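Notes for the one structure printed next.
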Amino acid sequence: MTTDVLIVGYGPVGQVLALLLAQRGHRVTVLEKWQRPFPMPRAVSFDGESARILAAAGVGRELGDAGEPSRDYIWRNARGDVLLSVDVAEHGQCGWPDSTSMYQPGLEEALARRGADHPSLTVLRGREVVEITEESDACVVTAADRSGSHTIHRARWLVGCDGANSFVRSQMGVDEVDLGFSNDWLTCDVTLREPRVFTPNNLQICDPVRPTTAVSAGPGHRRWEFMRVPGETVAELDSREAAWRLLAPFDIHPGNAVLARHAVYTFQARYAERWRAGRMLIAGDAAHRMPPFAGQGMCSGFRDAANLAWKLDLVLSGHAGDALLDTYEVERRAHVQHAILMSVNLGRVICQPDPAAAADRDAAMLANRRRMAGRPQDPPMYQPLTTGLRADSRAAGWLVPQGRVTAGGVTGLFDDVVGRGLILLVTPEVAAGLSGETVAFLRARDGQVVVLGEGSGQWADTEGTYRRLLARAGCRGLLVRPDHYVYGGGRTAAELDGVVAELRRSLTARVSGVAR
């Protein structure tokens, strides 16, 4: 039997992609090399958009078990002066905390439990992919188990979520772009023996003697990272003795904490030149890696999954030509390039070993902090889509915030009350003039028209989130993609009919990426 999508790798990105596809009714098979999940965390936080994606994957209620609001993030210099201070909103633009500190094994466990509930999702652990052959209508994948036995799997589409050393990427013949920024850091994951409050909860020490990170890694867990400095070898840094010595100034010792892991990692800044080759695609670390300083590595992988899932859904269901999948690469690569550059730029500020250059940095940042004193803190800016599947119209590419709405006596987050999918968000006066063709197009693709108002069949904008959004866009309606980005907007019913018609033409394009 041919599965709809075969995913190689069952880390958090592979898990989210599998869930988003399985809940849309598609047959999904996952081949995971390792028999058991990796027991240690890699990432330690995710942003509000990622939380919204995780909720869409069905684990919104479990996020509080594996995570906690990040609270605050402070940069200090060697003298202890505050260079940067960020208070993280617990109710952010996406309806979730703008940042959540999490224990990754707990998150993966919640995703795995959710996956076990889907009859159309099959997860095969201990299966290493050793060969991929592409046919006209499918990929044929050979996997080996621990005994050396081989099994053959057929899939209409194959997605490699198999990490930095991706086998799928190698089979696609894809090169990577290396931005040439890398540093070695000793990562120490610590489990606290007793509850303890850290103030600040997340700290960056910009000390040229040794840049250091100290952050929450979810309830009961902490992470410290220490940069390898000039003249120090990896062997000198990568030991339990070195870890405990560096942790001691933070009052972390064997009496009050367990050193769950210590390892030296080399942070890199790289992305794949191509993300699709015929019926094969890549996502997550297989497609990009970045330094941790912006906390966007895993978040970018979740965005990959959200972007790819709804497009594969339309292709698999016959509502779009496979050329739609080319927009996945175009959109996500541009997004990731921005995230990587932001991470690298932050890293260049933090990882400054030269005392004179660090002093200049401190003076500039302290002057900026004095200049900005008393001004309200701006909310985090989510990068819009600047290319790809978007109309040439108002607000195209914006990420739509999530507020609370009320309908039928039920009040809650928009996604929970209204649902997810292709949504035309409109005011009542515009809704009345929409064509039947527009409404039929949306319904055929599990979309809907959402009318903001107080009347029957309408959704009350409880917090004014969407009134403000429409006012900022200068629109009376927005066509929102299933990944919460605006396809296009309009001021009249006729303009919005045109936006929907433009999307319909884009989806039915038959310029085949598979043939290419």
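The values are calculated or read from the model by the stated rules, or taken from the named source; none is laboratory data. Fair warning: this is a prediction, and the values are worked out from it, not measured in the lab. Because the Cβ atoms are built from the backbone with ideal geometry, glycine has one as well, and the counts that use them run over all protein chains shown. Just so you know, the surface numbers come from the protein's heavy atoms only, side chains and all, with ligands and any DNA or RNA stripped out. Shrake-Rupley method; radii C 1.70, N 1.55, O 1.52, S 1.80 Å.
Of the residues Y103, M40, G60, the one whose Cα sits farthest towards the positive end of the charge dipole of the range 1-108 is M40 (charges of +1 on Lys and Arg Cβ, -1 on Asp and Glu Cβ, taken about the Cα centre).
Protection proxy ranking for 9-18, 185-194, using the average of other Cβ atoms within 10 Å per residue and placing the highest first: 9-18, 185-194.
Sketch the reach of a paramagnetic label on A334 as a point 7 Å from Cα along Cα-to-Cβ, and name the residues of the range 374-404 whose backbone nitrogen lies under 14 Å away. Output list for this probe position: 383-393, 395-399. For the range 241-328, the list of trypsin sites (Lys or Arg not before Pro) that fall in a loop by DSSP and count at most 14 other C-beta atoms within 10 angstrom is empty.
The charge dipole of the range 144-198, taken about its Cα centre with unit charges on the Cβ atoms of Lys, Arg (+1), Asp and Glu (-1) only, comes to about 380 debye. Across the alpha-carbon set of the range 1-155, the Rg to Rh ratio works out to 1.10, Rh being the Kirkwood radius.
For the range 182-279, the direction-averaged projected area of the alpha-carbon convex hull comes to 9.0 nm². Per residue, the convex hull spanned by the Cα atoms of the range 282-428 amounts to 184 cubic angstrom.
Could you tell me what percent of the accessible area of the chain is made up of carbon and sulfur, with a 1.4 Å probe and every protein chain present? The nonpolar share, carbon plus sulfur, comes to 51 percent. Under the criterion of Cα pairs below 8 Å and six or more residues apart, the relative contact order for the range 238-319 equals 20 percent.
Once you order the gyration tensor axes a ≥ b ≥ c over the Cα atoms, which shape class does the chain get: rounded for a/c under 1.5, otherwise prolate or oblate by comparing a/b with b/c? Oblate, because a/c is 1.5 or more while a/b does not exceed b/c. For the chain, the solvent-accessible area with a 1.4 angstrom probe is 42 square angstrom per residue. Gyration tensor analysis over the Cα atoms of the range 78-221 returns equivalent ellipsoid semi-axes of 41, 22, 17 Å (largest first, whole Å). Here is how the number arises for the chain: DSSP H runs of 4 or more residues each give -39500 (n - 2.57), the sum is divided by the residue count, and the result at 222 nm is -9000 deg cm²/dmol. Rounded to the nearest 20, the size of the Cβ-charge dipole of the chain about its Cα centre is 340 debye, with Lys and Arg at +1 and Asp and Glu at -1. Segment S456..A260, full-extension length gain: 65.0 nm, with 0.36 nm per residue of separation and the alpha-carbon distance subtracted.
Helix 326-350 and the longest principal axis of the C-alpha atoms of the chain enclose an angle of approximately 20°. The Cα atoms of the range 1-87 define a convex hull whose projected area, averaged across directions, is 8.4 nm². Taking all Cα pairs closer than 8 Å and separated by 6 or more residues, the relative contact order of the chain comes to 15 percent.
Relative to one another, the C-alpha centroids of the range 210-231 and the range 236-258 are positioned 11 Å apart. Look at the dipole of the range 181-233 built from charges on Cβ: of P211, N201, T187, the Cα furthest out on the positive end belongs to N201. Does the range 75-117 come out rounded, prolate or oblate, given a ≥ b ≥ c as the square roots of the eigenvalues of its C-alpha gyration tensor, rounded meaning a/c under 1.5 and, failing that, prolate meaning a/b above b/c? Note, shape of the range 75-117 comes out oblate.
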